[in-house]
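Scroll down for the structure; my scribbles are underneath it.
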Amino acid sequence: MDHTQDEHNIAVMRDLWKHFEPFTQGYYVNTEPSAAESRLKATYGENYARLVKLKDRYDPKNLFRLNANIKPTTQA
């Protein structure tokens, strides 16, 4: 596969997404392991803070960090 156009194609798609994003309600976060925290917050909405508390309690070392990772606020 030719990767010479990757950066250009990514930039084009991100620019295009800016026009569609206002019409969405969150994201399907499991498809993008590098999902930005802002996307996770948009998807989980008011539940995000509660999920961080759960992560702090049950996974403070961030063992389960693949896919839509909610980072703990503490590192045990």
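Answer yes or no as to whether Ala76 is modelled with pLDDT of 85 or more and either over 12 Å from the mean Cα position of the chain (by Cα) or basic (Lys, Arg) (or both).
no
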Fill in the blank from the handout: Picked from the stretch 28-67 (must be open to solvent by less than 90 Å² (accessible area, probe 1.4 Å) and in contact with a Pro (Cβ under 8 Å, 6 or more places away or on another chain)), the residue modelled with the lowest pLDDT is Asn67
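The values are calculated or read from the model by the stated rules, or taken from the named source; none is laboratory data. Just so we're clear, the structure is a prediction, and the values are computed from it rather than from any experiment. We place every Cβ from the backbone using ideal geometry, glycine too, and count neighbours over all the protein chains shown. To get the accessible areas, we keep the full protein, side chains included, count just its heavy atoms, and leave off ligands, DNA and RNA. Shrake-Rupley method; radii C 1.70, N 1.55, O 1.52, S 1.80 Å.
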